[in-house]
Amino acid sequence: MEIRKLEYKDAKALVALMYAMDEQTKFMLYAPGERRMTVRQMEESIANQKHNGSVMFGAFAGKELLGYILGQRNTLSRTKHKLYIVIGIDQQAAGRGLGTQLFAALEAWVATQQGISRLELTVMSHNQAAIALYRKFGFEVEGESHCGLMVDGQCVNEYFMYKLV
């Protein structure tokens, strides 16, 4: 398994994986058919990483992208210390330690950045595998949004998790 920063050339694979995951799992934010990301938009997003303080890592088996982790940083003075994290792993590759490897790469990158002192993410409260991964990396539940999401017409609670670095 190779973990590396995503590059311009990876945009097509990343968009394809995101769309596939919308179909594979109900744990992601987008429901099937809702995502509108184009390869061109993703190329621009990848190209802008250095300028906006964000980062994207991918987990590759050969040339196949099996997972990703995105760290999105705000540029406003009052919130630029925060990095919002989104992670996704192809369901056929789940359970192989990709999440651990992706988080380790992200944390190593964060250690080289100035001004990032808070990591944050959200997770459905019943997604026990993801919560265990986040706790393994020192994240704590900060709050809960009751019925914060609607999945298949059912209320789903969402945890807000954070880690100070």
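The values are calculated or read from the model by the stated rules, or taken from the named source; none is laboratory data. Just so it is clear, the model here is predicted, and its values are computed rather than measured. Please note: Cβ atoms are built from the backbone with ideal geometry, for glycine as well, and neighbour counts cover all protein chains shown. The protein model used for the area step is the full one, side chains on, heavy atoms only, and it has no ligands, DNA or RNA in it. Shrake-Rupley method; radii C 1.70, N 1.55, O 1.52, S 1.80 Å.
When residues in region 46-62 are screened for being in contact (Cβ under 8 Å) with a residue 24 or more places away in the chain and open to solvent by 40 Å² or more (accessible area, probe 1.4 Å), 2 of them pass.
Hey, can you tell me all the residues within region 77-99 that are among the hydrophobic types (A, V, I, L, M, F, W, C) and either more than 25 Å from GLU43 (Cβ to Cβ) or open to solvent by less than 20 Å² (accessible area, probe 1.4 Å) (or both)? Lay out the reasoning, then the answer.
Initially, region 77-99 is screened for residues among the hydrophobic types (A, V, I, L, M, F, W, C), giving 83, 85-87, 89, 93-94, 98.
Matches in region 77-99: LEU83, ILE85, ALA93, ALA94, LEU98.
Going by the structure shown, is GLY148 open to solvent by 30 Å² or more (accessible area, probe 1.4 Å), in contact with an Asp or Glu (Cβ under 6 Å, 6 or more places away or on another chain), over 30 Å from GLU64 (Cβ atoms) and of a type in the set (Gly, Ala, Ser)? Yes.
Quick one: is GLY153 exposed (fewer than 12 other Cβ atoms within 10 Å of the Cβ) and under 17 Å from PHE27 (Cα atoms)?
Details: exposed (fewer than 12 other Cβ atoms within 10 Å of the Cβ): yes; under 17 Å from PHE27 (Cα atoms): yes.
Yes.
Considering region 120-165 alone, what residues qualify as being aliphatic (A, V, I, L, M) and within 23 Å of ASP90 (Cβ to Cβ)?
Taking region 120-165 as the starting set, the residues that turn out to be aliphatic (A, V, I, L, M) are 121, 123-124, 129-133, 141, 149-151, 156, 161, 164-165.
Matches in region 120-165: LEU121, VAL123, MET124, ALA129, ALA130, ILE131, ALA132, LEU133, LEU149, VAL151, VAL156, MET161.
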